[in-house]
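Scroll down for the structure; my scribbles are underneath it.
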Amino acid sequence: VKKKAGKYEKLARPVEQTAVLGAGIMGGGIAYQSASKGTPILMKDIKSDAIELGLKEARKLFGKQVERKKFTVEEMAQKLTNIRPTLSYGDFENVDLVVEAVVENPKVKAGVLAEVEKSVGENTILTSNTSTISINRLAQSLERPQNFCGMHFFNPVHRMPLVEVIRGEKTSDEAVAATVAYARAMGKTPIVVNDCPGFLVNRVLFPYFGGFSFLVEQGADFQRVDKVMEKFGWPMGPAYLLDVVGMDTAVHANEVMAEGFPERMAREGKTAIQVMYENDRLGQKNAKGFYAYE
Ligand code: NAD
């Protein structure tokens, strides 16, 4: 895997200034990871309370590193200045690479990407952290699709080493190279994958969530399923993982997968995950999902 991403190394332009769009679970995590490894990042959202939450999350993660003696308090304060919260595209002109991490909705993402493209330089690389939406589909909203690819992190960003770098039909080698280089600078392991709904990991993960949903609908106790999957050797079971991912994100991502692979992913009626979502049991983000959180 490393070898494959390695072929792009020579083409990488420096990535010194970055930005993330969306200060949610993923945007906050991406901002923390970039800042902690020393790459400055603008964190943009449309809501100031979302920015506050993103910053709170980053501060919490830095605090844990101080407790573990990985950083001193002074280092933490210095690294925190790498995150610059904003509600506008004012400072985007000199950004080398943008990670879009807004809600998993193709229309919203297409609108946000078209909007940010107008505020950045000609050579700025635009990436999307979409879980499932095809990069070729999102590229249609852009005037410079050659500068665009997927940069798919996993949750929680600070703990998950893998980053899928998704190459669209029009993506240039330079865009892939810069994205691979930035992922490495963030301490991650990038893999370059081709474009399709769900890419690589979510084509495996979402059928698994679907299988779990069937079990629950047929009367299985979700806590027992989680325990069994832990004994099977996975770090957490599917119910807990869905709480981490967020039921809203899981439902929206599954819709994209069902559209892309109707014969395998589309289902009649509501899934247990949809029922959870409709009952506002979103998971850890609102402290109630399959489990309750403080
Ligand atoms: P989230 O709901 O926690 O955060 C989304 C944020 O986007 C919110 O703060 C919202 O205010 C903001 N936003 C909405 N419209 C915006 C706009 N026009 N400009 C700027 N900000 C805007 O969602 P999340 O879980 O962080 O997911 C974000 C993206 O990352 C989605 O595409 C999701 O599929 C993907 N992703 C999620 C996970 C996961 O486990 N949650 C994992 C990998 C990838």
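Just so it is clear, none of the values below were taken in a lab; they were calculated from the coordinates. Fair warning: this is a prediction, and the values are worked out from it, not measured in the lab. We place every Cβ from the backbone using ideal geometry, glycine too, and count neighbours over all the protein chains shown.
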Enumerate the aspartates and glutamates that Lys44 could reach by cross-link, defined here as Cα to Cα under 12 Å, with residues fewer than 8 away along the same chain left out.
Glu52, Asp91, Glu100
Amide H to amide H under 5 Å from Asp96: which residues, 5+ apart in sequence or cross-chain, H placed 1.01 Å off N in plane?
Glu16, Gln17, Thr18
Using the Karplus curve 6.51 cos²θ - 1.76 cosθ + 1.60 with θ = phi - 60°, what ³J(HN,Hα) values do you get for each residue of the range 134-149, in whole Hz, with x for Gly and Pro?
4, 5, 5, 5, 5, 5, 4, 8, 10, 8, 10, x, 5, 8, 10, 8
How compact and how long is the chain, expressed as Rg and Dmax of its alpha-carbon atoms in Å?
18.9, 56
In terms of the alpha carbon gyration tensor, root eigenvalues a ≥ b ≥ c, rounded if a/c is under 1.5 and otherwise prolate when a/b exceeds b/c or oblate, the range 11-81 is oblate
Inter-part distance where the range 78-142 and the range 24-63 are each reduced to a Cα centre, Å
15
When the helices in the chain are scored as -39500 (n - 2.57) per DSSP H run of 4 or longer and the sum is shared across all residues, what 222 nm value do you end up with, to the nearest 500 deg cm²/dmol?
-14000 deg cm²/dmol
Sequence-distant or interchain residues sharing an amide H contact under 5 Å with Val192, placed H: which?
Ala5, Val165
With the convex hull built on the alpha-carbon atoms of the range 91-169, volume per residue in Å³ sits at 94
Relative contact order of the range 114-194, defined on C-alpha pairs under 8 angstrom at six or more residues apart (%):
27
Between Leu80 and Glu259, 0.36 nm times their residue separation minus their Cα-Cα distance comes to what?
60.4 nm
Short to long, in 5 Å steps from zero, the percent of alpha-carbon pairs of the range 167-289 per bin is 2, 10, 17, 18, 17, 14, 11, 7, 3, 1, 0
Taking a label point 7 Å from the Cα of Asn105 along Cα-to-Cβ, the residues of the range 43-68 whose backbone nitrogen sits under 15 Å from it are 46-47
Please figure out what share of the DSSP beta bridges in the chain is antiparallel and state it in percent, rounded to the nearest 5.
15
Under 26 Å from the Cα of Lys231, which lysines turn up, not counting those fewer than eight places away in the same chain?
Lys288
